[in-house]
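Just below is one structure, and these are the notes that go with it.
The values are calculated or read from the model by the stated rules, or taken from the named source; none is laboratory data. Treat the numbers as computed from the prediction; the structure is a model and nothing was measured. With ideal geometry, Cβ positions are generated from the backbone for all residues, glycine too; neighbour counts draw on all protein chains shown. The area values use the complete protein model at the heavy-atom level, side chains included, leaving out ligands, DNA and RNA. Shrake-Rupley method; radii C 1.70, N 1.55, O 1.52, S 1.80 Å.
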Amino acid sequence: MNPVVQWTTLLYMLLAGCMMGLAYDSYRVLSLRLHFSKGLNAVLDLLYWIASALFVFRILYAGNQGQLRFYAFLGLFLGVWIYFLIFSVTVRRFVVMLIQSVQYVCKLLWRLIVIVIGLPLLWLWNLLLGIFRLLGRVLISILKLLRWLTKPLWFMPAKWLSSWLLLLKDKPWFVKGYQLFLKIWKRRP
């Protein structure tokens, strides 16, 4: 194996180590900020290591057809070490800022949805409720007025009808009709 391939593989492994550190820091900040459960954290740890192994072996295969040499492990270790020495704090701050930005945008979108959709629906509901209340009050007022205006007419027919009812009370056809009416009335659910 010539030295160019070895140095290229070392450089690839350095970059792969940096990428693993970047992915680990991002995952760690996300899990701490979003408060994942221990079970979910264990599953995500396993997925991280599987994805990292596949990524490293893919890079290694691209660099030197997948041959494992000492300098590949050294490059991977140096890449992770350089990443945590130089970039880790900056990346963690960036990920926290990114999470806060996403949360802010989500809150802003929610407020926008409430303002654009929710408030007009609430106004429409209050308008319809107000119209129904107004119509109900107007109808009740009209009915009260009609009752007050027709109150004298209620007593006069009662006096006229009471004398006629006393005369009809003894008629057999009236008694049968009244009994039939009561029977039908009692059957109603």
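Taken over segment 57-79, residues that are closer than 10 Å to GLN6 by Cβ and charged (D, E, K, R) amount to 1.
When segment 69-85 is filtered for residues that are open to solvent by less than 100 Å² (accessible area, probe 1.4 Å) and either at pLDDT 85 or above or not hydroxyl-bearing (Ser, Thr, Tyr) (or both), the ones remaining, listed by number, are ALA72, LEU74, GLY75, LEU76, LEU78, GLY79, VAL80, ILE82, TYR83, PHE84.
Condition check ((1) in contact with a helix residue (DSSP H, G or I) (Cβ under 6 Å, 6 or more places away or on another chain); (2) exposed (fewer than 12 other Cβ atoms within 10 Å of the Cβ); (3) hydrophobic (A, V, I, L, M, F, W, C)) across all residues:
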position	(1), (2), (3)
LEU34	no, yes, yes
GLY39	no, yes, no
LEU46	no, yes, yes
PHE55	no, no, yes
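Annotation note: Cβ proximity below 7 Å between a residue of segment 80-91 that is within 19 Å of TYR12 (Cα to Cα) and a residue that is open to solvent by 70 Å² or more (accessible area, probe 1.4 Å) and hydroxyl-bearing (Ser, Thr, Tyr) (sequence gap 6+ or interchain) occurs for no pair. Looking at LEU30, LEU68, LEU14, which one is assigned to a helix (DSSP H, G or I) and over 29 Å from the mean Cα position of the chain (by Cα)? From the options LEU30, LEU68, LEU14, the qualifying one is LEU14. Taken over segment 94-122, the criterion of being of a type in the set (Gly, Ala, Ser) and more than 23 Å from ARG33 (Cα to Cα) is satisfied by GLY118 alone. Against the conditions (1) closer than 30 Å to GLN100 by Cα; (2) part of a helix (DSSP H, G or I), ALA62 satisfies every one except (1). Checked across segment 92-104, the condition of being within 30 Å of THR8 (Cβ to Cβ), surrounded by 12 or more Cβ atoms within 10 Å (Cβ to Cβ) and free of Cβ contacts under 8 Å to residues at least 24 places away in the same chain holds for at least one residue.
Here is a yes/no grid of residues against (1) in a helix (DSSP H, G or I); (2) closer than 30 Å to ARG28 by Cα; (3) modelled with pLDDT of 90 or more; (4) touching a Pro at 6+ places or on another chain (Cβ under 8 Å):
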position	(1), (2), (3), (4)
PHE94	yes, yes, yes, no
MET97	yes, yes, yes, no
LYS107	yes, yes, yes, no
ILE113	yes, no, yes, no
LEU124	yes, no, yes, no
GLY130	yes, no, yes, no
GLY136	yes, no, yes, no
LEU149	yes, no, no, no
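Restricting attention to segment 1-18 and to residues that are among the hydrophobic types (A, V, I, L, M, F, W, C) and surrounded by fewer than 17 Cβ atoms within 10 Å (Cβ to Cβ), the residue that is nearest to VAL89 (Cα to Cα) turns out to be LEU15.
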